[in-house]
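Data block below; observations after.
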Amino acid sequence: METQPRALCSQLTSQHGLCDVTLTGAFLSWKEAETCRRRAAGHAYDPRKAGAFKKAGGRCVPLCEIVAVQETEGEDPGADTGERRSAPRSPAECNQHAFTVSYVERGRKHRWQCSEVTFRCTESRLCLQWLQAIKEQLALLTTRPKRLLVYINPYGGKQRGKRIYEQKVAPIFCRASISTDVIVTERANHARDHLKTEADLQKYDGIVCVGGDGMFSEVMHGLISRTQRDTGADQNCSGETLVECSLRVGIIPAGSTDCVCYATVGSNDPVTSALHIVVGDSQPMDVCSIRADDTFLRYSVSLLGYGFYGDMLTDSERKRWMGPARYDLSGVKTFLSHRYYEGTVSFLLADSNVGTPRDKLQCRSGCNICQQPSADKRLCGKEDRALDGEAKGAWQVIRGKFLAINAACMSCACPRSPKGLSPSAHLANGTVDLILVHKCSRLDFFRHLLRHTNKDDQFDHPFVEVYRVRQFRFTPRCQETASELELELREGDGVGRARFFSQICRKHPACGCMPTHSCWNCDGEILPHAGIEVRVHCQLIKLFARGIEEQTVFDDPYTLCAI
């Protein structure tokens, strides 16, 4: 790998003493001058001593992760470390000029924080030269947003959205010189309706939502609908190829689960998400469109759940006064009810080059699988229509009794389930992982649910099937055609007749009949339809994120600079 040419190098003073500071087009680094002289004398850098190097005051920060630089008043070099000076400062120290660099520093569990380092110069000209050089390099980073439209949900989660934004996020945006227009939502779908009709999107470089997954869903629906309207695409047409949204969306987590944020950043920390927005990260993401009877219903980016997750959400909506604890109570109640539902699932398998749900290849920052469809993603709609109309034999059909039917567009990881529903699901490969949980005993189903919280393969059960698909349909038994019902009634064992009468008396609890159909859990919102058709739209939106990073890569600062 070719080394980056040095743009600027000087000996400046920091809280660690005299440092050799270097600025190139790729990174800003500083190290104690004595250490640098040892390396120049022939002592090679030992990666195993990276921790000691950092403690000694040496750092290497990618230029793209510098938040801001500003001139500061010259201060006592011992002030940063809390040391007291026993002697008065010399005239040279009194005339020091200084500048402060704010940069991203990584912590544990994928968290970022904003750190600062102050360099002091004895000459005003040298200080201004450094300020100008760093600002010029930052100006070349055109992916960084300069103006954002911010929506805050003051009611989501524990009703902390407004306080989180004002105390943790706004100061970071201000430091990075990002101007914002803030709208505090007053009702459900306020952000969606404003984006669809009133917002002047030409003025902004991105949209930020402060809240949970429901708030993100509002912003996503508004932005996609507005983009299709402005470009002349009809989102209500089942065969339409939707247009990719140009504006990126940032998520400041302030909800109950924050599943989307956790799966795309690796943390539900507001400061981490704010820094990803500041540095201008971009992560494309697939979106599923859902239709029933050729009528568009909703979009989905994380979980579609029928049966267990649909029933649990329906019950939890009656207990919203309990806050996030309602999910635990409703989950136990739904598990004990152990309802199953009959129906038919038909699906179109994805190509083999996008992997399988059980290949253990997790989606990470710079994922090779997610980068493959970028060249031909515009052909996805045409290919799907051709397969739908001409290759009916390519569709696979499974009919049976299901405790749960889940479709995961991403891993759906969260703090309670670090692996998620489908650990190997990808964010932007144009597919969705379809998980079918057939009727089984309560004990077996509990074993399946328990594996969401540990490292065991949750699909390693005979009653669980999982497929990576591009499109699927579900038809509940109560919506099947009359000819299919007549065929069952002719069964000699009388089971078909009993099932037929269960359709008639399903609303009478005295009969003890199971409900004939559930509803869908669509990203935490109830979808009061049972029979649906789902199509994946490859990389339809972009987030201010970069995917979950491999933590070990950044232990060595020189490895980071090489990347």
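The values are calculated or read from the model by the stated rules, or taken from the named source; none is laboratory data. On a predicted model such as this, the values are computed, not experimentally measured, just so you know. Don't worry about glycine lacking a Cβ; one is built from the backbone with ideal geometry, like all the others, and counts go over all protein chains shown. Only protein heavy atoms, including side chains, enter the accessible area calculation; ligands, DNA and RNA are left aside. Shrake-Rupley method; radii C 1.70, N 1.55, O 1.52, S 1.80 Å.
Annotations for the structure displayed:
- Sorting 126-133, 219-226 by their mean Cβ neighbour count within 10 Å, with the most densely packed peptide first, gives 219-226, 126-133.
- Residue ranges 62-68, 448-454 sort as 62-68, 448-454 when ordered by packing (mean number of other C-beta atoms within 10 Å per residue, highest first).
- Given their separation in residues at 0.36 nm each and the Cα-Cα distance between them, residue 129 and residue 33 gain 32.5 nm when the chain is fully extended.
- Of all accessible heavy-atom area on the stretch 137-238, the percent that carbon and sulfur account for (1.4 Å): 44
- Restriction of the GluC sites (Glu not before Pro) in the stretch 167-241 to DSSP coil positions whose beta-carbon has at most 12 other beta-carbons within 10 angstrom yields 186, 198.
- Cα-Cα over 24 Å, subset of 319/419; 109/419; 168/360; 109/146: 319/419; 168/360; 109/146
- Our analysis of the stretch 95-195 gives Rg over Rh at 1.10, with the two radii drawn from alpha carbon positions and Rh computed by the Kirkwood formula.
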